[in-house]
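The values are calculated or read from the model by the stated rules, or taken from the named source; none is laboratory data. Only a predicted model underlies this, so the values are computations on that prediction, with no experimental measurement involved. Note: accessible area is taken over every heavy atom of the protein model, side chains too, but ligands, DNA and RNA are not part of it. Shrake-Rupley method; radii C 1.70, N 1.55, O 1.52, S 1.80 Å.
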Amino acid sequence: MYAIVDIAGQQFKVEAGKEIFVNRLAAEKGAAVEFNTVLLVDAEGAVKVGAPYVEGAVVKATVLDDTCKADKVLVFKKKRRKGYQKLNGHRQYLTKLQIVEIA
């Protein structure tokens, strides 16, 4: 059984017991969170597609870590023949979730 859920403006395919990284949520470590913006639910071949969301479907998760950082993204700017070079780095904050159940 899996579901497609909208979390913080992004869509994720989730299954019970899996761990996912999402953009930072306002939840403490160990907190239980619920997402009711479920777009699709597949229960062993029985697919329910929402318009836009599936009625009564809820994804329950637990926050494992709220201070994760993603890999560094390097932003390099250059103007040729002008001697201008600029290098910036950025690491996005993430929240690590463990999916408890899809109900």
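Quick notes on this structure:
- In the set VAL47, VAL63, only one residue is β-branched (Val, Ile, Thr), part of a strand (DSSP E or B) and open to solvent by less than 60 Å² (accessible area, probe 1.4 Å); that residue is VAL63.
- Taking the criterion of being within 30 Å of ILE20 (Cα to Cα) and part of a strand (DSSP E or B), the residues of the range 71-86 that qualify are VAL73, LEU74, VAL75, PHE76.
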